[in-house]
Amino acid sequence: MKNIYLSFAFKFFNGLHFFSPVMLLYFSNIVRLSTSEFFYLQGLFSFFIFALEVPTGVIADKFSRKLSVVLGSVSAVVASYLMFKANSFFDAMVAEFLIALGFALTSGAFDSLFYDSHQKVDSMPNYKRNLGYLSNLGLIGIFISALSGAFLADFYGLENIYLITGIACFCGLISAILMKDIKEENESEIERNKGVLKSVVDVLKTNRKLKILAFDLAFVPAVAFMGIWLYQPYLQSFSASVYAFGALHAGMVVMQVLINFLVPYFKRSLGFYIKNSQLLIALLFLLLGLSSNVWIGSISLVLIVGIGMTRNTFLNQDINAHLESSFRSTFFSGVSMLKQFFRMFLTFILGYLISFSFTVVSLILALIMFIAYIVFHKAELDI
């Protein structure tokens, strides 16, 4: 049971992204990057995760999953220190590469180690419940750091926010070191990661309807995720207090939790919500672009992220019934990889457009989402 409790601690500490509500402020004021360079940096981060997914499986396969998790945690600690010392785009890019490396080393290996830990102590009946606890602890960490990150940046200085995050990463590293290594004859991490990439090809070779639904599941959340990148330049344009950044980021987390909790209770309206959510997001982006009121824009951003990042939870349930059981894992793995690709592509595009006008970016995203509604709506009606 020791490994399971240490896994809970590891997940919580890794959710403490104290920098998240003040990222743009840090890169603008400390590293001296433009808003466009900030977006390019985040696009590169998504690319690094995409590129490192398969090769990092070598560590887990050749040595151990625990070693992969520990090295991923070390990478996160080093990255936090390098970001603390960064004073150029190149410095920040190296740090972002190490953050992505840590993420790639940790993700699959940690999930496998958590599963193996349950098998080792004959606790598999509790696995699904504990998986829920694990996910919630990650969200709690994100919520706490969203609220406290702005305070810490104000109290200890914006320039120290990545150093403070590094302390949380170090606590995660200690948790990983204290875990007991478990060697089980499970699927190779490399083969599993290759399987995820292959699943994209398999999804693209499916029938037209499933292909459209796959793009729907991948594209809509990727566009909605842009709200997370946009809220900081938006608040910055109003010279908002640093605490507003933390409050808005926390509001996005709370909105996702509320939607996930409340929507299932309105079963008669669930289908309408799923099939018209793209149109609603398009209208919210339109409102964001046209309104000059910071409250209206902030609420629009919270709803964009809340709706866009949760709708797949409910759409997945309907799509599951139309998938052969043998293809479900492949389908959703392919969707996950496509989502990462779309997110990377959109982040680079926004990095270019944001230098012209925030309003133009919002209106373009509104148009994109309206087109997505037209393209995907028919396929959703058939499920």
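The values are calculated or read from the model by the stated rules, or taken from the named source; none is laboratory data. Quick caveat, the model's predicted, so the values are computed rather than measured. Counting neighbours? That spans all protein chains shown, and the Cβs are built from the backbone with ideal geometry, glycine included. Just the protein is used for accessible areas: all its heavy atoms, side chains included, with ligands, DNA and RNA removed. Shrake-Rupley method; radii C 1.70, N 1.55, O 1.52, S 1.80 Å.
So the values come out like this:
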item	result
Spin-label model distance (nm) - residue 241 vs residue 127, 7 Å beyond Cα toward Cβ	4.8
Whole-number accessible area per residue in Å² for the chain, which is evaluated in the context of all protein chains at 1.4 Å	46
Percentage relative contact order, the chain, counting C-alpha pairs under 8 Å, at least six apart	26
Mean Cα-pair separation over length for the range 23-125, i.e. relative contact order, pairs under 8 Å, 6 or more apart, %	33
Whole-Hz ³J(HN,Hα) from phi, Karplus 6.51 cos²θ - 1.76 cosθ + 1.60, for the range 237-243, glycine and proline x	5, 9, 6, 5, 4, 4, 5
In the range 23-154, lysine pairs closer than 27 Å at Cα, eight or more apart or cross-chain	4
Using a Förster distance of 45 Å, the FRET efficiency for residue 36-residue 272 (Cβ separation, nearest 0.05)	0.70
Mean Cβ neighbour count within 10 Å, used as a protection proxy, ranking 114-126, 18-30 highest first	18-30, 114-126
Rg/Rh ratio calculated on Cα atoms of the chain (Kirkwood radius)	0.95
Backbone HN-Hα couplings from phi across the range 291-304 [Karplus 6.51/-1.76/1.60, Hz, Gly and Pro as x]	7, 9, 9, 5, 5, 5, x, 5, 5, 4, 5, 4, 6, 4
Length released on extending from residue 293 to residue 357, taking residue separation times 0.36 nm less the Cα-Cα span	21.4 nm
Cβ-Cβ FRET estimate between residue 64 and residue 254, R0 fixed at 51 Å, reported to 0.05	0.85
Residue-span extension gain [residue 336 to residue 87] - 0.36 nm each, minus C-alpha spacing	86.3 nm
Gain in span if fully extended, residue 377 to residue 119, counting 0.36 nm per residue against the direct Cα distance	88.6 nm
Size of the range 1-101 as Cα extents on the principal axes (Å, biggest first)	46, 27, 19
Calculated FRET value between residue 156 and residue 211, using beta carbons and R₀ = 45 Å, to 0.05	0.35
Burial ranking of peptide ranges 90-101, 70-81 (average Cβ count within 10 Å, highest at the top)	70-81, 90-101
